[in-house]
(Lines give C-alpha, C1' and ligand atoms only; values in the text may rest on other atoms or scores of the structure.)
Protein backbone atom coordinates (compact mmCIF):
# COMPACT_ATOMS: atom_id res chain seq x y z
CA UNK A 1 0.00 0.00 0.00
CA UNK A 2 1.46 3.35 -1.06
CA UNK A 3 1.74 6.13 1.54
CA UNK A 4 0.20 9.26 -0.01
CA UNK A 5 1.10 11.73 2.75
CA UNK A 6 3.35 14.68 1.91
CA UNK A 7 5.45 15.12 5.05
CA UNK A 8 6.85 18.42 3.79
CA UNK A 9 3.44 20.05 3.51
CA UNK A 10 3.65 21.14 7.18
CA UNK A 11 6.69 21.80 9.37
CA UNK A 12 7.98 20.39 12.64
CA UNK A 13 9.16 22.89 15.26
CA UNK A 14 11.78 21.43 17.61
CA UNK A 15 12.78 23.40 20.72
CA UNK A 16 15.76 22.40 22.90
CA UNK A 17 18.39 24.39 24.77
CA UNK A 18 21.11 21.88 23.78
CA UNK A 19 22.66 23.02 20.50
CA UNK A 20 23.99 19.52 19.84
CA UNK A 21 20.48 18.08 20.09
CA UNK A 22 19.13 20.63 17.58
CA UNK A 23 21.96 19.85 15.14
CA UNK A 24 21.46 16.09 15.45
CA UNK A 25 17.71 16.42 14.99
CA UNK A 26 18.11 18.49 11.81
CA UNK A 27 20.77 16.12 10.47
CA UNK A 28 18.69 13.03 11.16
CA UNK A 29 15.33 14.29 9.83
CA UNK A 30 16.07 17.28 7.57
CA UNK A 31 15.69 15.19 4.42
CA UNK A 32 12.32 13.83 5.54
CA UNK A 33 10.60 16.80 7.15
CA UNK A 34 10.49 20.58 6.95
CA UNK A 35 12.07 21.70 10.23
CA UNK A 36 12.21 24.85 12.39
CA UNK A 37 14.37 24.94 15.52
CA UNK A 38 14.70 27.22 18.55
CA UNK A 39 16.94 27.08 21.62
CA UNK A 40 14.43 28.29 24.23
CA UNK A 41 10.70 28.39 24.86
CA UNK A 42 10.26 32.12 24.24
CA UNK A 43 11.96 31.97 20.84
CA UNK A 44 9.97 28.83 20.08
CA UNK A 45 6.73 30.67 20.73
CA UNK A 46 7.83 33.55 18.48
CA UNK A 47 8.53 31.05 15.68
CA UNK A 48 5.16 29.41 16.24
CA UNK A 49 3.40 32.78 16.02
CA UNK A 50 5.30 33.72 12.85
CA UNK A 51 4.62 30.37 11.12
CA UNK A 52 1.38 29.32 12.78
CA UNK A 53 -0.19 28.14 9.49
CA UNK A 54 2.90 26.17 8.45
CA UNK A 55 3.59 24.18 11.63
CA UNK A 56 1.90 20.82 12.16
CA UNK A 57 3.96 19.41 15.03
CA UNK A 58 5.70 21.00 18.01
CA UNK A 59 8.31 18.92 19.83
CA UNK A 60 9.94 20.53 22.85
CA UNK A 61 12.31 19.60 25.63
CA UNK A 62 10.93 20.10 29.14
CA UNK A 63 14.01 21.25 31.08
CA UNK A 64 15.33 24.51 29.63
CA UNK A 65 16.60 27.75 31.18
CA UNK A 66 13.77 30.22 31.65
CA UNK A 67 10.31 29.01 30.60
CA UNK A 68 9.87 25.24 30.54
CA UNK A 69 8.55 23.04 27.79
CA UNK A 70 5.03 22.72 29.26
CA UNK A 71 4.77 26.53 29.24
CA UNK A 72 5.44 26.53 25.50
CA UNK A 73 3.02 23.67 24.89
CA UNK A 74 0.20 25.48 26.65
CA UNK A 75 0.80 28.77 24.78
CA UNK A 76 0.93 27.01 21.41
CA UNK A 77 -2.28 25.18 22.27
CA UNK A 78 -3.94 28.56 22.82
CA UNK A 79 -2.41 29.86 19.59
CA UNK A 80 -3.63 26.95 17.47
CA UNK A 81 -5.08 23.89 19.21
CA UNK A 82 -4.74 21.70 16.11
CA UNK A 83 -0.92 21.65 16.28
CA UNK A 84 0.28 18.25 17.54
CA UNK A 85 2.35 18.74 20.69
CA UNK A 86 5.09 16.36 21.87
CA UNK A 87 7.05 16.71 25.11
CA UNK A 88 10.62 15.39 25.38
CA UNK A 89 11.49 14.43 28.95
CA UNK A 90 14.12 12.69 31.00
CA UNK A 91 12.94 10.03 33.44
CA UNK A 92 13.31 12.57 36.24
CA UNK A 93 10.68 14.75 34.56
CA UNK A 94 7.94 12.13 34.44
CA UNK A 95 5.70 14.10 36.80
CA UNK A 96 5.69 17.03 34.35
CA UNK A 97 4.93 14.68 31.47
CA UNK A 98 2.04 13.04 33.31
CA UNK A 99 0.63 16.43 34.28
CA UNK A 100 0.84 17.59 30.65
CA UNK A 101 -0.95 14.46 29.44
CA UNK A 102 -3.70 14.85 32.04
CA UNK A 103 -4.27 18.51 31.14
CA UNK A 104 -4.55 17.71 27.45
CA UNK A 105 -1.56 19.87 26.60
CA UNK A 106 0.28 17.15 24.65
CA UNK A 107 -0.35 14.41 22.12
CA UNK A 108 2.34 12.19 23.64
CA UNK A 109 5.71 12.31 25.35
CA UNK A 110 9.03 10.66 24.50
CA UNK A 111 12.09 10.15 26.65
CA UNK A 112 15.72 11.03 26.08
CA UNK A 113 17.82 9.76 24.49
CA UNK A 114 15.41 9.21 21.62
CA UNK A 115 15.79 6.42 19.08
CA UNK A 116 15.97 7.94 15.53
CA UNK A 117 13.95 5.22 13.80
CA UNK A 118 11.24 5.20 16.45
CA UNK A 119 11.12 9.01 16.58
CA UNK A 120 10.78 9.24 12.78
CA UNK A 121 7.79 6.91 12.96
CA UNK A 122 6.27 8.99 15.78
CA UNK A 123 6.75 12.23 13.83
CA UNK A 124 5.21 10.76 10.68
CA UNK A 125 2.19 9.52 12.61
CA UNK A 126 1.85 12.94 14.26
CA UNK A 127 1.93 14.76 10.93
CA UNK A 128 -0.55 12.29 9.45
CA UNK A 129 -2.90 12.91 12.36
CA UNK A 130 -2.51 16.67 11.92
CA UNK A 131 -3.19 16.48 8.17
CA UNK A 132 -6.30 14.36 8.69
CA UNK A 133 -7.58 16.91 11.20
CA UNK A 134 -6.75 19.74 8.81
CA UNK A 135 -8.67 18.08 5.98
CA UNK A 136 -11.60 17.45 8.32
CA UNK A 137 -11.61 21.08 9.47
CA UNK A 138 -11.48 22.28 5.87
CA UNK A 139 -14.46 20.10 4.94
CA UNK A 140 -16.35 21.36 7.99
CA UNK A 141 -15.58 24.98 7.07
CA UNK A 142 -16.83 24.36 3.54
CA UNK A 143 -20.00 22.71 4.83
CA UNK A 144 -20.64 25.51 7.28
CA UNK A 145 -20.02 28.03 4.51
CA UNK A 146 -22.65 26.26 2.40
CA UNK A 147 -25.02 26.37 5.36
CA UNK A 148 -24.43 30.06 5.97
CA UNK A 149 -24.90 30.85 2.28
CA UNK A 150 -28.12 28.87 2.29
CA UNK A 151 -29.25 30.81 5.32
CA UNK A 152 -28.54 34.10 3.59
CA UNK A 153 -30.21 32.93 0.37
CA UNK A 154 -33.26 31.74 2.28
CA UNK A 155 -33.38 35.04 4.08
CA UNK A 156 -33.28 37.00 0.83
CA UNK A 157 -35.58 34.82 -1.23
CA UNK A 158 -37.95 33.05 1.17
CA UNK A 159 -38.39 35.88 3.62
CA UNK A 160 -38.45 38.44 0.84
CA UNK A 161 -36.18 40.85 2.72
CA UNK A 162 -34.14 41.90 -0.28
CA UNK A 163 -37.19 42.03 -2.51
CA UNK A 164 -39.14 44.05 0.01
CA UNK A 165 -36.32 46.38 0.95
CA UNK A 166 -34.71 46.95 -2.40
CA UNK A 167 -37.94 47.14 -4.36
CA UNK A 168 -39.14 49.65 -1.77
CA UNK A 169 -36.26 51.94 -2.68
CA UNK A 170 -36.46 51.24 -6.40
CA UNK A 171 -40.20 51.86 -6.32
CA UNK A 172 -39.77 55.11 -4.40
CA UNK A 173 -37.03 56.28 -6.73
CA UNK A 174 -38.94 55.29 -9.85
CA UNK A 175 -42.08 56.97 -8.54
CA UNK A 176 -40.00 60.08 -7.99
CA UNK A 177 -38.72 59.87 -11.56
CA UNK A 178 -42.23 59.24 -12.93
CA UNK A 179 -43.71 62.10 -10.93
CA UNK A 180 -40.95 64.41 -12.02
CA UNK A 181 -41.44 63.39 -15.64
CA UNK A 182 -45.17 64.07 -15.42
CA UNK A 183 -45.30 67.17 -13.27
CA UNK A 184 -42.11 69.12 -13.75
CA UNK A 185 -42.87 70.40 -17.27
CA UNK A 186 -46.45 71.26 -16.28
CA UNK A 187 -45.33 73.07 -13.14
CA UNK A 188 -42.71 75.02 -15.02
CA UNK A 189 -45.20 75.93 -17.69
CA UNK A 190 -47.66 77.13 -15.06
CA UNK A 191 -44.99 79.23 -13.38
CA UNK A 192 -43.82 80.72 -16.66
CA UNK A 193 -47.32 81.06 -18.04
CA UNK A 194 -46.37 79.51 -21.36
CA UNK A 195 -45.32 76.09 -22.61
CA UNK A 196 -42.79 77.86 -24.84
CA UNK A 197 -40.37 77.74 -21.91
CA UNK A 198 -40.27 73.96 -22.22
CA UNK A 199 -37.95 74.55 -25.14
CA UNK A 200 -35.47 76.18 -22.75
CA UNK A 201 -32.25 74.07 -22.88
CA UNK A 202 -31.33 75.02 -19.27
CA UNK A 203 -34.56 73.48 -18.02
CA UNK A 204 -33.93 70.19 -19.79
CA UNK A 205 -30.33 70.11 -18.59
CA UNK A 206 -31.47 70.38 -14.97
CA UNK A 207 -34.31 67.98 -15.68
CA UNK A 208 -31.90 65.35 -17.04
CA UNK A 209 -29.51 65.75 -14.10
CA UNK A 210 -32.27 65.12 -11.55
CA UNK A 211 -33.58 62.06 -13.38
CA UNK A 212 -30.03 60.75 -13.75
CA UNK A 213 -29.44 61.24 -10.04
CA UNK A 214 -32.43 59.05 -9.15
CA UNK A 215 -31.28 56.31 -11.53
CA UNK A 216 -27.75 56.41 -10.13
CA UNK A 217 -29.14 56.02 -6.63
CA UNK A 218 -30.94 52.85 -7.71
CA UNK A 219 -27.81 51.51 -9.41
CA UNK A 220 -25.78 52.34 -6.32
CA UNK A 221 -28.03 50.29 -4.04
CA UNK A 222 -27.96 47.35 -6.45
CA UNK A 223 -24.22 47.66 -6.99
CA UNK A 224 -23.37 47.73 -3.28
CA UNK A 225 -25.27 44.51 -2.66
CA UNK A 226 -23.81 42.82 -5.74
CA UNK A 227 -20.25 43.81 -4.86
CA UNK A 228 -20.68 42.76 -1.24
CA UNK A 229 -22.04 39.31 -2.09
CA UNK A 230 -19.71 38.47 -5.00
CA UNK A 231 -16.84 36.07 -4.29
CA UNK A 232 -13.44 36.51 -5.90
CA UNK A 233 -11.80 33.32 -7.19
CA UNK A 234 -8.17 32.42 -6.55
CA UNK A 235 -6.78 34.18 -3.47
CA UNK A 236 -9.44 36.67 -2.31
CA UNK A 237 -7.55 37.69 0.83
CA UNK A 238 -4.20 38.56 -0.71
CA UNK A 239 -4.25 42.18 0.49
CA UNK A 240 -2.52 42.95 3.80
CA UNK A 241 -3.76 46.11 5.51
CA UNK A 242 -3.64 48.00 8.78
CA UNK A 243 -7.10 48.67 10.18
CA UNK A 244 -6.33 52.19 11.39
CA UNK A 245 -5.07 53.20 7.94
CA UNK A 246 -8.13 51.79 6.14
CA UNK A 247 -10.45 53.62 8.53
CA UNK A 248 -8.51 56.88 8.19
CA UNK A 249 -8.61 56.64 4.39
CA UNK A 250 -12.36 56.00 4.42
CA UNK A 251 -12.99 58.95 6.74
CA UNK A 252 -10.75 61.09 4.53
CA UNK A 253 -12.83 60.30 1.45
CA UNK A 254 -15.94 61.53 3.28
CA UNK A 255 -14.28 64.32 5.26
CA UNK A 256 -16.01 67.09 3.35
CA UNK A 257 -19.41 65.61 4.24
CA UNK A 258 -18.42 65.08 7.87
CA UNK A 259 -17.20 68.67 8.11
CA UNK A 260 -20.35 70.05 6.51
CA UNK A 261 -22.48 68.18 9.06
CA UNK A 262 -20.09 69.02 11.95
CA UNK A 263 -19.74 65.32 12.71
CA UNK A 264 -16.50 64.41 14.47
CA UNK A 265 -14.85 61.02 13.91
CA UNK A 266 -12.43 59.99 16.68
CA UNK A 267 -10.22 57.21 15.32
CA UNK A 268 -8.65 55.63 18.43
CA UNK A 269 -7.65 52.40 16.66
CA UNK A 270 -4.01 51.58 17.38
CA UNK A 271 -1.57 51.19 14.53
CA UNK A 272 0.19 48.52 16.61
CA UNK A 273 -2.57 45.98 15.92
CA UNK A 274 -1.55 43.07 13.66
CA UNK A 275 -2.20 43.45 9.94
CA UNK A 276 -5.37 41.95 8.48
CA UNK A 277 -5.46 39.79 5.35
CA UNK A 278 -8.44 41.05 3.37
CA UNK A 279 -10.18 41.31 0.05
CA UNK A 280 -9.05 44.91 -0.48
CA UNK A 281 -11.86 46.50 -2.53
CA UNK A 282 -14.61 44.86 -0.46
CA UNK A 283 -12.92 45.74 2.85
CA UNK A 284 -12.61 49.42 1.91
CA UNK A 285 -16.21 49.46 0.71
CA UNK A 286 -17.36 48.09 4.09
CA UNK A 287 -16.35 51.28 5.89
CA UNK A 288 -17.49 53.61 3.12
CA UNK A 289 -20.98 52.08 3.47
CA UNK A 290 -20.85 52.22 7.24
CA UNK A 291 -19.78 55.88 7.39
CA UNK A 292 -22.29 56.80 4.70
CA UNK A 293 -24.99 55.30 6.92
CA UNK A 294 -23.76 57.31 9.87
CA UNK A 295 -23.88 60.50 7.79
CA UNK A 296 -27.45 59.73 6.78
CA UNK A 297 -28.65 58.92 10.28
CA UNK A 298 -26.76 61.24 12.63
CA UNK A 299 -27.86 64.82 13.35
CA UNK A 300 -25.40 67.68 12.89
CA UNK A 301 -22.82 67.99 15.65
CA UNK A 302 -22.70 64.26 16.45
CA UNK A 303 -19.64 62.20 17.32
CA UNK A 304 -18.38 58.80 16.16
CA UNK A 305 -15.76 56.92 18.18
CA UNK A 306 -13.70 54.04 16.75
CA UNK A 307 -11.78 51.61 18.96
CA UNK A 308 -10.34 48.13 18.40
CA UNK A 309 -8.64 45.36 20.31
CA UNK A 310 -6.99 42.04 19.52
CA UNK A 311 -9.06 39.07 20.67
CA UNK A 312 -7.20 35.86 19.93
CA UNK A 313 -7.01 35.39 16.16
CA UNK A 314 -9.33 38.30 15.36
CA UNK A 315 -9.63 42.05 15.78
CA UNK A 316 -12.81 43.40 17.35
CA UNK A 317 -13.58 46.85 15.91
CA UNK A 318 -16.12 48.95 17.80
CA UNK A 319 -18.01 51.94 16.39
CA UNK A 320 -20.04 54.01 18.84
CA UNK A 321 -22.10 57.07 17.98
CA UNK A 322 -24.22 59.44 20.08
CA UNK A 323 -27.06 59.86 17.62
CA UNK A 324 -30.66 58.62 17.87
CA UNK A 325 -30.85 54.91 18.67
CA UNK A 326 -31.81 52.74 15.70
CA UNK A 327 -34.68 50.28 16.34
CA UNK A 328 -33.22 47.05 17.72
CA UNK A 329 -35.65 44.97 15.69
CA UNK A 330 -34.54 46.67 12.48
CA UNK A 331 -30.88 46.00 13.34
CA UNK A 332 -31.61 42.34 13.97
CA UNK A 333 -33.42 41.99 10.66
CA UNK A 334 -30.42 43.05 8.60
CA UNK A 335 -27.65 41.53 10.76
CA UNK A 336 -29.16 38.24 11.95
CA UNK A 337 -30.01 35.75 9.17
CA UNK A 338 -32.41 33.88 11.46
CA UNK A 339 -34.73 36.86 11.97
CA UNK A 340 -37.64 37.34 9.59
CA UNK A 341 -38.49 40.81 8.35
CA UNK A 342 -41.88 42.09 9.43
CA UNK A 343 -41.57 45.24 7.35
CA UNK A 344 -39.33 46.66 4.68
CA UNK A 345 -35.97 47.94 5.98
CA UNK A 346 -35.07 51.57 5.54
CA UNK A 347 -32.17 52.72 3.41
CA UNK A 348 -29.66 52.30 6.24
CA UNK A 349 -30.90 48.68 6.40
CA UNK A 350 -29.87 48.07 2.79
CA UNK A 351 -26.39 49.46 3.46
CA UNK A 352 -26.03 47.44 6.67
CA UNK A 353 -27.05 44.34 4.78
CA UNK A 354 -24.19 44.97 2.36
CA UNK A 355 -21.88 45.38 5.39
CA UNK A 356 -23.13 42.04 6.70
CA UNK A 357 -22.23 40.35 3.41
CA UNK A 358 -18.72 41.84 3.39
CA UNK A 359 -17.96 40.88 7.00
CA UNK A 360 -19.38 37.38 6.41
CA UNK A 361 -17.18 37.11 3.31
CA UNK A 362 -14.17 37.76 5.57
CA UNK A 363 -15.19 35.01 8.01
CA UNK A 364 -16.37 37.51 10.63
CA UNK A 365 -19.59 38.59 12.28
CA UNK A 366 -21.37 41.82 13.23
CA UNK A 367 -23.04 42.72 16.51
CA UNK A 368 -25.22 45.80 16.99
CA UNK A 369 -27.09 47.35 19.88
CA UNK A 370 -28.74 50.64 20.73
CA UNK A 371 -27.43 52.20 23.93
CA UNK A 372 -29.58 52.97 26.95
CA UNK A 373 -28.57 56.63 27.06
CA UNK A 374 -28.94 57.09 23.30
CA UNK A 375 -26.66 56.20 20.45
CA UNK A 376 -25.64 52.96 18.74
CA UNK A 377 -22.80 50.50 19.17
CA UNK A 378 -21.53 48.23 16.39
CA UNK A 379 -18.86 45.54 16.85
CA UNK A 380 -17.16 43.98 13.82
CA UNK A 381 -15.26 40.77 14.53
CA UNK A 382 -12.59 40.54 11.81
CA UNK A 383 -10.31 37.45 11.59
CA UNK A 384 -6.61 38.11 10.98
CA UNK A 385 -6.59 35.26 8.44
CA UNK A 386 -10.09 34.90 6.91
CA UNK A 387 -9.10 31.95 4.70
CA UNK A 388 -8.49 29.76 7.75
CA UNK A 389 -10.76 31.46 10.27
CA UNK A 390 -12.62 29.13 12.60
CA UNK A 391 -14.82 30.29 15.45
CA UNK A 392 -15.86 27.11 17.27
CA UNK A 393 -18.27 28.73 19.70
CA UNK A 394 -19.97 30.84 17.06
CA UNK A 395 -20.16 27.91 14.62
CA UNK A 396 -21.69 25.66 17.30
CA UNK A 397 -24.24 28.34 18.14
CA UNK A 398 -25.02 28.81 14.45
CA UNK A 399 -25.32 25.05 13.93
CA UNK A 400 -27.76 24.63 16.82
CA UNK A 401 -29.98 27.41 15.50
CA UNK A 402 -29.80 26.06 11.96
CA UNK A 403 -30.91 22.61 13.11
CA UNK A 404 -34.12 24.18 14.38
CA UNK A 405 -34.81 25.29 10.81
CA UNK A 406 -36.08 22.01 9.35
CA UNK A 407 -36.14 23.05 5.71
CA UNK A 408 -32.67 24.52 5.85
CA UNK A 409 -31.24 21.46 7.57
CA UNK A 410 -32.72 19.16 4.91
CA UNK A 411 -31.09 21.29 2.22
CA UNK A 412 -27.73 21.07 3.98
CA UNK A 413 -27.87 17.27 4.30
CA UNK A 414 -28.78 16.89 0.63
CA UNK A 415 -26.07 19.28 -0.63
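Looking at 92, 122, just one residue is at pLDDT 80 or above and outside any strand (DSSP E or B), and that residue is 122. Out of contact with any helix residue (DSSP H, G or I) (no Cβ under 6 Å at 6 or more places or on another chain), assigned to a loop (DSSP other than H, G, I, E, B) and surrounded by fewer than 18 Cβ atoms within 10 Å (Cβ to Cβ): is that true of residue 46 in this structure? Here the answer is no, as residue 46 does not meet what is asked.
Every residue, every condition in (1) at pLDDT below 80; (2) more than 23 Å from residue 245 (Cα to Cα); (3) crowded, with 16+ Cβ neighbours inside 10 Å, yes or no:
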| position | (1), (2), (3) |
| --- | --- |
| 296 | no, yes, no |
| 299 | no, yes, no |
| 306 | no, no, yes |
| 309 | no, no, no |
| 332 | yes, yes, no |
| 337 | yes, yes, yes |
| 347 | yes, yes, yes |
| 351 | yes, no, yes |
| 374 | no, yes, no |
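Restricting the search to the stretch 249-266, which residues are under 26 Å from residue 314 (Cβ atoms), in contact (Cβ under 8 Å) with a residue 12 or more places away in the chain and either surrounded by fewer than 16 Cβ atoms within 10 Å (Cβ to Cβ) or not assigned by TED's automatic domain parsing to the domain that holds residue 377 (or both)? Answer for the stretch 249-266, where residues must be under 26 Å from residue 314 (Cβ atoms), in contact (Cβ under 8 Å) with a residue 12 or more places away in the chain and either surrounded by fewer than 16 Cβ atoms within 10 Å (Cβ to Cβ) or not assigned by TED's automatic domain parsing to the domain that holds residue 377 (or both): 249, 253, 266.
Report, by residue number, each residue of the stretch 18-33 that is touching a strand residue (DSSP E or B) at 6+ places or on another chain (Cβ under 8 Å) and surrounded by fewer than 16 Cβ atoms within 10 Å (Cβ to Cβ).
Keep residues of the stretch 18-33 that are touching a strand residue (DSSP E or B) at 6+ places or on another chain (Cβ under 8 Å), which gives 18, 21-22, 25-26, 29, 33.
Hits for the stretch 18-33 are 18, 26.
The single condition from (1) closer than 25 Å to residue 242 by Cα; (2) in a loop (DSSP other than H, G, I, E, B); (3) modelled with pLDDT under 80; (4) touching a strand residue (DSSP E or B) at 6+ places or on another chain (Cβ under 7 Å) that residue 356 fails is (2).
The values are calculated or read from the model by the stated rules, or taken from the named source; none is laboratory data. Everything numeric here is computed off the predicted structure, so don't read it as measured data. Please note: Cβ atoms are built from the backbone with ideal geometry, for glycine as well, and neighbour counts cover all protein chains shown.
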